[in-house]
Every structure is written in C-alpha cells, then in structure tokens.
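Student: Have a look at this one before I ask anything.
Bear in mind these aren't lab numbers, they're just calculated from the coordinates by the rules spelled out. Small disclaimer: the values here were computed from a predicted structure and weren't measured. Methodologically, a virtual Cβ is constructed for each residue, glycine included, from the backbone with ideal geometry; neighbour enumeration extends over all protein chains shown.
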Amino acid sequence: MGHGHDHDHDHTHESAGGDVAPALDLSIPDSELSPSDVSRRGFLRGAGLLGAGAAASVLAVPSAAQAAGLPHSHGPVGGGADKGGFKWLAGDHHIHTQYSSDAQYRVIDQAGHGRAFGLDWVVITDHGSVAHAKIGVEKVNPDIVKTRETYKDLLTFQGLEWNIPAAEHATVFVTPSRNEVSVLKQFENAYDGNLLPATNTTEQNEAAAIAGIKFLGSQVRARKIDGALFLANHPARRGIDSPHEIRNWRDADPSVAVGFEGAPGHQAAGIPAPNGRGGARGYYDNNPSAASFQGYPLESYRTWGGFDWMTATVGGLWDSLLAEGKAWWITVNSDSHVNYLDQSDRGPDSNFDANGKYNDPVYTGKTLTTAGDFWPGFYGRTNVGATSFGYKAVMDGLRAGRVWVDHGRLIKGLDARVRTAGDRRPSTGTPLGGVHQVKRGTSTELTLEIDLQDVPNWAQFVPVLKRVDVIVGTITGPVKDKDAFQAPDTKVVKSFEISAGAKKVSLSFSLGRLDKPFYVRVRGTDGKRTQPGLLGPSIDPFGPKLDVVGDADPWGDLWFYTNPIFVLPSGR
C-alpha cells in the first residue's frame, strides 16, 4: 500500500485496500475468530461501529470491484507528484461541454486546458436531461475516446451530472470499458430525476435515488465496469440535500457513494464588478424554498472562504457524518460551463434540442468578464493519492479518501499521517482516509509534511500559507436522528502559524494516549479572511469568513482541506 507496518502493534485497516480484516468481516462468526479479533469486534460493536446500523461506516467492506476480484487497469505512465509513497494526481470531477444545454466547449477543449493547467485526470459530466438521456451519452463518447488518444498523459473519464431524485445534482462516473456508455445510459434513463414521473411523491423520489446508487454497485459486481463513483455536487446551494438523504446515499452502497463537493465550482462568479460578474462564489446566492430542509440556517446558503457550509463549519454536517465513523470525503472542482476571460461563443446555427449538442465554439474577440467559471485546473484541485497512474487507481484513491483539496495552488504537496508517538520512519503511519488501529492507551501523533508554494499560480502570484489548523472529533457511532447535522465534540485543537520564506514545513501534534475512537483532519489558509466559526470561537476561533455576494474575490481567500484519518483503540 505505500506505507510500512509498525510491528509493535496491530496496524491499520484501510477501507479501500486489501482484504477485510477478520474482525470486520461479519460473515465470520465470533467462534471462529482469534481472541484478539473477538476483543476488537466487541469494542467496535460497543462503539456502534460494527453490525446493524453501521453498514456504511468507515469499516465497511472495500470497493465492489475489489470484492469481485477485478484487476487494476493501468493507463500509461504519466504525471503526478510522488510524496509519502503515493503518486498524487490532481483532477476535476465536474466539467461540462457542448453536450450540456448551458455550456459550449468541446471535450478536447476542456481536457486540453485542464492538462495545460496541471491536471492529471478529468471527468466529463454533461447534464442529465431528456435530450442527453436519448442521445447525449452515445454522442459524447467518441469525443472522449479521441481525447484519451490525444492526451495520453491525461486520464479522461466519462460520467454525467445526475439530477438526483428529490435532491440536487451529483457527479456519476465509471471506469473506461466497452460498457461505459451502456451502463451510464441505462442508469440515466432509469434514475434521473428529470425523467421520473411528475406524480412521484418525495418518498418515491428519495427511494429512486437509493435504487440508482445500488444499480451502479450492481454493475460493478456484475463486472460490467471496474468501478463507479457518486459525488454529490454543491450540496448546500439550495438547501434541498437533507441530512437524512446524504446518509441514505452513503448507506445505499459505500463503495459507490463516497462524498460531496467540499467547495463548489463557479468560483469566478465572486470576482467584483467591473472586472467580473460581481456575484456569489459558486452561485451560492439562494434562499430557502418550500423544497429546502427547514432545519438549515440561513448562513448555509452562502459559501465560507469559497467552501460549502457543510464542509466549512467545524462541528457541522460533514463532521456529523465523520463522527458516526462514516467514510465520507470532500472534493473541489471547476463546474466549468463558460469560462472567465474566454473569447468564444457557441457555434452559429446550433439546435441543441434536435442534436443534443451545440456546434463547435467560435472566436468572437469579446472577453467574457461576466462568466462565472474557471478552466479546469485553473483554480481548484482535487489531489488524489494513487498507487499508480491509471483510471482504477484514481478511483481507488478517491474511494479510500486519500484526498486533499486546495484553491489557487495554495500549497504544492502534503503528506499527513497518524503514527504511534515517536515513530518517524519514512512512509509509516496511516495516511489520509485510513483507519489507524492501536492498543488502548497507546500515544499517537499527527505528522504533517507540507511543501510550500514557490512558483506563481495561474493568477500570477505565489500564494503564502499563513496558518494550519488541526481539527479533532470523537467518533460516537450512528445517530438516532438521521437529520442531525452537528458534531458537538469536534473542534480546532491546534493552530500552527507558518513562517514566510520556507520551502517546506514539518509539523507534529500529540493526539494523546488513546482511550476512545476519534478522527483528525487538517485545513490551512493564507489568513487573509477569517472569523469565528458558526458554532463559536471555542470550537473554531479563526475559521473561514462568510463570503459577501458582489465582493468575493476568490484569489484573495485561499484554503486547503484534507480528508480525515480515523483512529481506533483495541482492547478494553
């Protein structure tokens, strides 16, 4: 796996790698387990992390593809930065083309710009719609295949943006294969919210969303495809993704439904007029509607430092999922439709309704200062720790939660580990997304290796990391109320001020002697805009600031976030 084993203790079990540990495999009865595994299983049951109600926990089975024994499919050896035993591949899972009714670019335009701006993988996600369901999936595929041949050092996935029944949108994508078109087409026609009966009740639509996720998992288990993933897009934008729906998606198939956007695309929409649109970052300028979950506060309809409220609030909805022990990960992307400062328009004489696409874009000479999007890779990156350069390796890394995200290339690289205190051997410890299992009472620590930025980003300045925050939360097990969206035990436990001028920093923080399960995650900022978090300064003294509609320059407010590492004690 890219990290060694500490022989002094029962080490890590990662949710996306290797066989399921015996204590976690509920098909093995207690009577056939070793005494140590019986003890471990008993603890996990007592913590609410195993058995009934915990099917979607971080300790659930690995991916369906691995369960089916499918081999890795490797692409050509390509880009990425090696760090911590992994090849870190930057990507974007939310990109639109001329096959979307509100976009305009060719697949090769988006892919080529993404590659030029440093991406290693992209996902083409045109909108699910009546026209797309009829012809769009087939029509875009030859363009994707041609792009794969043209850019052999860029992994180009085919997906779509699903209209989730009863909810918002989601990226759905699959590994390349002879069945990628048929699986996506069958999925869209059967489960897209725009194609379901208008007479459906909310309950029927929510059930259809669950069935759609289960369908994707079934296609992997049937070996039609090597992998399929679901990532909910802009989850707080309209307030219609309720907490219980998010939990139900995850529970439907943890190998498919793995996370949501920590930060939405459309970040250029916040650039103040007259140089930009003068709107809201991410187009987060909505108010509650009759379809919204009534429990969400008004602040949830805006971004915070460019990030979605569900992620940006320490002790908020994302943390409430992590506190259950659920492996639920965050990403960022461009959601590119029409890009800021571009000088093109849709091709003349286009008939989208008839053709399912717009004609190829043409040069106009007119600069799009009011466009809300950046090219893929220009601003946001989802950095995936993969074991190799390949389609399945990227999916496995996403599923495992080996992911950190940033805006504006705030940092160059990051390796985060939870270790037994004092163990500093290279590549030991548990990386992002993993589960660190040690004996109760063992001292553990978080170690961070951060490569600071030393070259200009695409806005032509070198970002400076000012502060790094360590966030810790207790794992308390499944919630009684599936619409809960707070984790009161989660808070910022340490902030590191970063000195300017260094090329890299090495940080460590003692997590103490382990007596209860917890998780740890990390974020960092340029420190230009901060305020106490929504749950108060004792929880988050210097969190991201609420973005102001009309005055939210995305380049003046940069953050990075990591996914969590889970830490579990064994023994009683």
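Student: Please go through the range 417-438 and give me each residue that is surrounded by fewer than 23 Cβ atoms within 10 Å (Cβ to Cβ), of a type outside the set (S, T, N, Q) and closer than 30 Å to Gly118 by Cα, ordered by number.
Tutor: Selection gives Pro426 alone.
Student: OK, next. Residues of the range 260-279 being closer than 17 Å to Ser336 by Cβ and not in a helix (DSSP H, G or I), which ones?
Tutor: Result: Glu261, Ala263, Pro264, Gly265, His266, Ile271, Gly276, Arg277, Gly279.
Student: State whether one or more residues within the range 337-351 are of a type outside the set (A, V, I, L, M), in contact with a helix residue (DSSP H, G or I) (Cβ under 6 Å, 6 or more places away or on another chain) and over 30 Å from Gly401 (Cα atoms).
Tutor: yes
To keep it simple, each residue is scored yes or no on (1) among the β-branched types (Val, Ile, Thr); (2) over 25 Å from the mean Cα position of the chain (by Cα); (3) assigned to a strand (DSSP E or B).
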{"site": "Leu507", "(1), (2), (3)": "no, no, yes"}
{"site": "Ser510", "(1), (2), (3)": "no, yes, yes"}
{"site": "Asp515", "(1), (2), (3)": "no, yes, no"}
{"site": "Val520", "(1), (2), (3)": "yes, no, yes"}
{"site": "Arg523", "(1), (2), (3)": "no, no, yes"}
{"site": "Lys528", "(1), (2), (3)": "no, no, no"}
{"site": "Pro537", "(1), (2), (3)": "no, yes, no"}
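Student: Inspect all residues belonging to the range 170-177 and state whether any of them is surrounded by fewer than 22 Cβ atoms within 10 Å (Cβ to Cβ), closer than 23 Å to Asp396 by Cβ and out of contact with any Cys (no Cβ under 8 Å at 6 or more places or on another chain). Walk me through how you get there before you give the answer.
Tutor: Taking the range 170-177 as the starting set, the residues that turn out to be surrounded by fewer than 22 Cβ atoms within 10 Å (Cβ to Cβ) are 176-177.
Next, only the ones that are closer than 23 Å to Asp396 by Cβ stay: 176-177.
Narrowing further to those that are out of contact with any Cys (no Cβ under 8 Å at 6 or more places or on another chain): 176-177.
Checked the range 170-177: at least one residue is surrounded by fewer than 22 Cβ atoms within 10 Å (Cβ to Cβ), closer than 23 Å to Asp396 by Cβ and out of contact with any Cys (no Cβ under 8 Å at 6 or more places or on another chain).
Student: Would you please name the residue that is surrounded by the fewest Cβ atoms within 10 Å (Cβ to Cβ), looking only at residues in the range 439-492 that are over 17 Å from Ala416 (Cβ atoms) and among the aliphatic types (A, V, I, L, M)?
Tutor: Among them, the one singled out is Val455.
Student: So in the range 192-206, with the set limited to residues that are out of contact with any strand residue (DSSP E or B) (no Cβ under 6 Å at 6 or more places or on another chain) and touching a residue at least 40 places away in the same chain (Cβ under 8 Å), which one is surrounded by the most Cβ atoms within 10 Å (Cβ to Cβ)?
Tutor: Among those residues, the one meeting the criterion is Glu206.
Student: For residues that are among the aliphatic types (A, V, I, L, M) and out of contact with any strand residue (DSSP E or B) (no Cβ under 9 Å at 6 or more places or on another chain), scanning just the range 511-551, find the one that is surrounded by the fewest Cβ atoms within 10 Å (Cβ to Cβ).
Tutor: Val548
Student: Residues in the range 229-253 that are under 14 Å from the mean Cα position of the chain (by Cα) and either more than 16 Å from Met310 (Cα to Cα) or in a helix (DSSP H, G or I) (or both): how many?
Tutor: Counting residues in the range 229-253 that are under 14 Å from the mean Cα position of the chain (by Cα) and either more than 16 Å from Met310 (Cα to Cα) or in a helix (DSSP H, G or I) (or both) gives 4.
Student: Please go through (1) part of a loop (DSSP other than H, G, I, E, B); (2) surrounded by fewer than 24 Cβ atoms within 10 Å (Cβ to Cβ); (3) hydrophobic (A, V, I, L, M, F, W, C) for Leu414 and return the number of the only condition it doesn't satisfy.
Tutor: Failing condition for Leu414: (1).
Student: Still on this structure: Go through the range 260-281 residue by residue and tally those that are at positive phi and buried (at least 20 other Cβ atoms within 10 Å of the Cβ).
Tutor: At the first step, the residues of the range 260-281 found to be at positive phi are 266, 278.
Then drop every residue that is not buried (at least 20 other Cβ atoms within 10 Å of the Cβ), which leaves 266.
Residues that pass the stated criteria total 1.
Student: Looking at (1) without any contact (Cβ under 8 Å) to a residue 40 or more places away in the chain; (2) not in a loop (DSSP other than H, G, I, E, B), can you tell me which one His436 breaks?
Tutor: (1)
Student: Might you check whether a residue that is more than 18 Å from His266 (Cα to Cα), buried (at least 24 other Cβ atoms within 10 Å of the Cβ), among the charged types (D, E, K, R) and in contact (Cβ under 8 Å) with a residue 60 or more places away in the chain occurs anywhere in the range 119-140? So that I can check it myself, show each step before the final result.
Tutor: Start the filter on the range 119-140 by keeping residues that are more than 18 Å from His266 (Cα to Cα), which leaves 120-121, 128-140.
Restricting the remaining residues to those that are buried (at least 24 other Cβ atoms within 10 Å of the Cβ) gives 120-121, 128, 132, 136-137, 140.
Add one more test, that the residue is among the charged types (D, E, K, R), and what stays is 120.
Then keep just the ones that are in contact (Cβ under 8 Å) with a residue 60 or more places away in the chain; that gives 120.
Yes, that holds for at least one residue.
Student: Can you work out which of the residues in the range 282-300 that are in contact with an Asp or Glu (Cβ under 8 Å, 6 or more places away or on another chain) and surrounded by 16 or more Cβ atoms within 10 Å (Cβ to Cβ) is nearest to Thr331 (Cα to Cα)?
Tutor: Pass one, the range 282-300, residues in contact with an Asp or Glu (Cβ under 8 Å, 6 or more places away or on another chain): 282, 284, 293, 295.
Checking which are surrounded by 16 or more Cβ atoms within 10 Å (Cβ to Cβ) leaves us with 282, 284, 293.
On the way: Gly282: 14, Tyr284: 17, Phe293: 23 Å.
If we take residues in the range 282-300 being in contact with an Asp or Glu (Cβ under 8 Å, 6 or more places away or on another chain) and surrounded by 16 or more Cβ atoms within 10 Å (Cβ to Cβ), then Gly282 is nearest to Thr331 (Cα to Cα).
Student: Of the residues in the range 127-153, how many are over 20 Å from Asp335 (Cα atoms) and polar (S, T, N, Q)?
Tutor: 1
Student: Now for a different question. Here is a list: Ala111, Ala103. Which entry is in a helix (DSSP H, G or I), touching a residue at least 12 places away in the same chain (Cβ under 8 Å) and not acidic (Asp, Glu)?
Tutor: Ala111
Student: I would also like to ask the following. For the range 207-228, enumerate the residues that are in a loop (DSSP other than H, G, I, E, B) and in contact (Cβ under 8 Å) with a residue 12 or more places away in the chain.
Tutor: Answer for the range 207-228, where residues must be in a loop (DSSP other than H, G, I, E, B) and in contact (Cβ under 8 Å) with a residue 12 or more places away in the chain: Arg223, Lys224, Ile225, Asp226, Gly227.
Student: Within the range 356-387, track down each residue that is at negative phi and of a type in the set (Gly, Ala, Ser).
Tutor: Correct list: Ala371, Gly372, Gly380, Gly385, Ala386.
Student: For the subset of the range 349-367 comprising residues that are assigned to a loop (DSSP other than H, G, I, E, B) and in contact with a strand residue (DSSP E or B) (Cβ under 7 Å, 6 or more places away or on another chain), which member is nearest to Ile108 (Cα to Cα)?
Tutor: This residue is Pro361.
Student: Go through the range 310-334 and count every residue that is touching a Phe, Trp or Tyr at 6+ places or on another chain (Cβ under 8 Å) and part of a helix (DSSP H, G or I).
Tutor: 8
Student: Right, here's the next one. Determine, yes or no, whether Thr476 is touching a strand residue (DSSP E or B) at 6+ places or on another chain (Cβ under 7 Å) and closer than 27 Å to Trp249 by Cβ.
Tutor: Values: touching a strand residue (DSSP E or B) at 6+ places or on another chain (Cβ under 7 Å): no; closer than 27 Å to Trp249 by Cβ: yes.
Taking the combined requirement at face value, the residue does not satisfy it.
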